[in-house]
2 protein chains.
Amino acid sequence: MVMTASFRTNTVDAPGVLPHPLPEPSRDDIALEAIFGALSQPLRLTIIQKLLLESEQYDHACGWFGFSRPKSSLTHHFKALREAGLIRQRQYGLERRSRVRIEDLDARFPGLLDLLVARSAQP
Amino acid sequence: MVMTASFRTNTVDAPGVLPHPLPEPSRDDIALEAIFGALSQPLRLTIIQKLLLESEQYDHACGWFGFSRPKSSLTHHFKALREAGLIRQRQYGLERRSRVRIEDLDARFPGLLDLLVARSAQP
DNA sequence: CCAGAAGTACGAAGAAACTCGAACATATCG
DNA sequence: CGATATGTTCGAGTTTCTTCGTACTTCTGG
C-alpha cells in the first residue's frame, strides 16, 4: 500500500467541537484497490467489522479493540486503514479514536460496508 | 497471498462436454481476505471488471484481454485470481479460458460483484 | 513537576508479492 | 514432421508488507 493520493484535513462534523481529523484522502480520492489492499489484512478487516458491528455511536481508541499486539503494530494498521480512506481518526487528548467513514464509503462504493458485515453463508 | 484452503476439482457445468476446471477453492472455502488481496492488484481488478462487463457469454483466454505483459506475469495473476476463488479456468486445447465464478460469488458474498462493476461516482 | 498512559517514529529483519526472462510443455496447422 | 501459438515452471532481482523493539512525544492526574 503506497500513499499516492492527495490528502486533506477535512472538517465535516461540527468544527470547533470535535478535534480535527488526521490527514486522510478525500472522498473522491478513495480507490477501490486501496480499500481492497487494506482489507486483505485479517486484523484490519477485523477492525472494520468490529467498528461496524460493535461500536455504539462513538469513536473508539485502539485499546478498545483488545488486540494483544505491540502498540507500534496497531499504529501501523490503523494508519493503513486511514490512508486507504476506511476510517477517520481524531485526537482526543492522549488517545486517537477511529470510526468508519460510513457516509463517504456508502456514497462512493454502495454495498461495500454491507459486504463487510454480512455474515458469510456457511452451509 | 498464500494458498492454504483445500482445493477440489469441481465439475459443475455439464461434465463430459466442458474440460475440467483447474484446481480451485470450493465455494465455502472462498475467503473475503483472499478476495480482497487478489483484487488489490490493479491488473487483476481490471481482469475481473473486463470479464464482467465485456465478456459475452463465453470464457476468454488471456490473450483476449490485450495486456502487454510477459506471459509469465499473466500466468501469475490469473493463477492468483483462480486461487482466490474469483475465476474458474478451463483448458481448451492450447488455451486456458477464464470466467468469473458468478454463481459462487453471488451466493457467498452477495453484492461483491455489483461493487466491482459499479461505476464509481466521480463528481 | 513528575509519573504513567496512549500513541508515534524510526529502523531492522523476515516474509511475501511483483516482474520478467529463459527454458520447457503441448496442441494445432500446414 | 516441423513451425507456431498458448501457456507453464523456475529462478532471480526488486519492491513492498509485516512485525516488533526501542526511543521519543504528548497529554493527564496527582
Worksheet, complete the sentence: How many residues of region A:38-53 are away from every other protein chain (no Cβ under 14 Å) and under 13 Å from residue A:98 (Cβ atoms)? The answer is 2
Fill in: Tally, over region A:81-101, of residues that are under 18 Å from residue A:64 (Cβ atoms), of a type in the set (A, V, I, L, M, F, W, C) and at pLDDT 95 or above
4
Practice prompt. Scan region B:35-65 for residues that are part of a helix (DSSP H, G or I) and within 9 Å of DNA strand C (Cβ to nearest atom) and jot them down.
Written response: B:37, B:38, B:42, B:43, B:44
Item to complete: Residue by residue through region A:57-73, note down the ones that are under 23 Å from residue A:34 (Cα atoms) and either within 14 Å of chain B (Cβ to nearest Cβ) or near DNA strand D (Cβ under 9 Å from one of its atoms) (or both).
Response: A:72, A:73
Item to complete: Quick one: in region B:89-105, of everything that is within 9 Å of the chain's Cα centre (by Cα) and within 13 Å of DNA strand D (Cβ to nearest atom), which residue is surrounded by the fewest Cβ atoms within 10 Å (Cβ to Cβ)?
Response: B:99
Discussion item. I'd like to verify a number: residues in region B:86-123 that are within 12 Å of chain A (Cβ to nearest Cβ) and either small (Gly, Ala, Ser) or in contact with a Lys or Arg (Cβ under 7 Å, 6 or more places away or on another chain) (or both), how many?
Written reply: 8
Practice prompt. Might you check whether a residue that is under 28 Å from residue B:29 (Cβ atoms), in contact with a Cys (Cβ under 9 Å, 6 or more places away or on another chain) and at pLDDT 95 or above occurs anywhere in region A:46-57?
Written response: yes
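The values are calculated or read from the model by the stated rules, or taken from the named source; none is laboratory data. Worth saying up front: this structure is predicted, and the values here are computed from it rather than measured. All Cβ positions, glycine included, derive from the backbone under ideal geometry; neighbour counts span all protein chains shown.
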